[in-house]
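Single-structure report; data block below.
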Amino acid sequence: MPQIHPSAIVSPEAIIADDVTIGPFSVIEGPVKLAAGVKIGGHACITGDTEIGEGCDIGWGAVVGADPQDLSFDRSTRSGVRLGPFNALREYVTIHRGSKNGTYTTLGERNFLMAGVHLAHDVTMGNHNVLANNVLLGGHVRIGNRVFLGGGAGFHQFIHVGDFAMVQGNAAISQDVPPYCICHGQNQLAGLNVVGMRRAGFDAAARSEIKAAAKLLLFSHIPLSQALALVAQSEWGAAARALIDAVATPSKKGVIVG
């Protein structure tokens, strides 16, 4: 049987695995689904069409599935949140549901969101990401895999953050962060995340190709269309191609260059 604190309020619509733990004064509202091994801390609120994957750990005071902070939002909209397995949400994390019918805010697996992180409506996140305290993601932001976002950094709506990127704390980002790159300040590109690539197992050849592509696309100070044309004249491995594709198909906000 689930371990539910006597002070918690749990909707009869909720579907809860046998070994779920729900802490004091928490509210499980509506057709929430909690998979095996989920832990909900005290004073948390999980609401609406929200599915929490196996082994997720939801911290004290977290709110998952609440309405978007959008003045035009229709509360009758049928949308929700989907969290994959083994995500950790620390104290007071907030994750809002999708803004249109049939849309979801989604996390992959094994992401670590530290205290106070906010994910707005329609955010999409991959796997193994770390978001430090008070990171703020606007609506429709897309985060790749194995990204690190420093504390207090803010991200404008609709932008993309590529795989293995790092962003300095308190940065203000309103354009795409390319894969493998380090950004700081206000849309400033510092260089490549070489240490992160090494730790992730990229071999010397792959790292060399990524550096060559980045030098041409991001640091050459020639128009991006010309840089892409030059890059297209060569053959590239899969790792470098991921960078090229991200730069060639950015969000409507454009991509940060050096």
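Selection within region 232-241: residues that are within 20 Å of residue 193 (Cα to Cα) and part of a loop (DSSP other than H, G, I, E, B). The member of this set that is least open to solvent (accessible area, probe 1.4 Å) is 237. Out of all the residues in region 10-28, is one or more open to solvent by less than 30 Å² (accessible area, probe 1.4 Å) and at positive phi? No - not one qualifying residue is present in region 10-28. Residues that are open to solvent by 20 Å² or more (accessible area, probe 1.4 Å), closer than 24 Å to residue 45 by Cβ, under 12 Å from the mean Cα position of the chain (by Cα) and without any contact (Cβ under 8 Å) to a residue 60 or more places away in the chain: does region 142-151 have at least one? No, every residue in region 142-151 fails to be open to solvent by 20 Å² or more (accessible area, probe 1.4 Å), closer than 24 Å to residue 45 by Cβ, under 12 Å from the mean Cα position of the chain (by Cα) and without any contact (Cβ under 8 Å) to a residue 60 or more places away in the chain. Residue-level check: of (1) open to solvent by 50 Å² or more (accessible area, probe 1.4 Å); (2) touching an Asp or Glu at 6+ places or on another chain (Cβ under 9 Å); (3) more than 26 Å from residue 23 (Cβ to Cβ), residue 39 misses just (3). Listed by first and then second residue, the pairs linking a residue in region 215-231 that is part of a loop (DSSP other than H, G, I, E, B) to a residue that is open to solvent by less than 60 Å² (accessible area, probe 1.4 Å), with Cβ atoms under 7 Å apart and 6 or more places separating them unless they lie on different chains, are 219/258; 220/227. Checking each residue of region 58-70 against the condition of being out of contact with any Gly (no Cβ under 6 Å at 6 or more places or on another chain) and at positive phi gives at least one match.
Here residue 165 clears all of (1) out of contact with any Cys (no Cβ under 7 Å at 6 or more places or on another chain); (2) closer than 23 Å to residue 86 by Cβ; (3) hydrophobic (A, V, I, L, M, F, W, C) except the condition numbered (1).
The criterion of being touching a Ser or Thr at 6+ places or on another chain (Cβ under 9 Å) and open to solvent by less than 50 Å² (accessible area, probe 1.4 Å) holds for residue 160.
Among the residues of region 121-136, is any at pLDDT 95 or above, within 26 Å of residue 167 (Cα to Cα), among the acidic types (Asp, Glu) and in a loop (DSSP other than H, G, I, E, B)? Checked against the condition, which is being at pLDDT 95 or above, within 26 Å of residue 167 (Cα to Cα), among the acidic types (Asp, Glu) and in a loop (DSSP other than H, G, I, E, B), region 121-136 yields at least one hit.
Would you call residue 165 closer than 26 Å to residue 112 by Cα and either surrounded by fewer than 18 Cβ atoms within 10 Å (Cβ to Cβ) or among the small types (Gly, Ala, Ser) (or both)? Yes, satisfied.
The rows are residues; the columns are (1) farther than 12 Å from residue 256 by Cβ; (2) touching a residue at least 24 places away in the same chain (Cβ under 8 Å); (3) touching a strand residue (DSSP E or B) at 6+ places or on another chain (Cβ under 8 Å).
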| position | (1), (2), (3) |
| --- | --- |
| 139 | yes, yes, no |
| 154 | yes, no, yes |
| 158 | yes, yes, no |
| 161 | no, no, yes |
| 165 | no, yes, yes |
| 183 | no, yes, yes |
| 190 | no, no, yes |
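Exactly one residue out of 127, 170 is open to solvent by 30 Å² or more (accessible area, probe 1.4 Å) and within 11 Å of the chain's Cα centre (by Cα), and it is 127.
The values are calculated or read from the model by the stated rules, or taken from the named source; none is laboratory data. Please read these numbers as outputs of a predicted model, since none were measured by experiment. In this analysis, Cβ positions are derived from the backbone assuming ideal geometry, glycine residues included, and neighbour counts consider all displayed protein chains. Side chains are part of the model used for accessible areas, which takes the heavy atoms of the whole protein and leaves out ligands, DNA and RNA. Shrake-Rupley method; radii C 1.70, N 1.55, O 1.52, S 1.80 Å.
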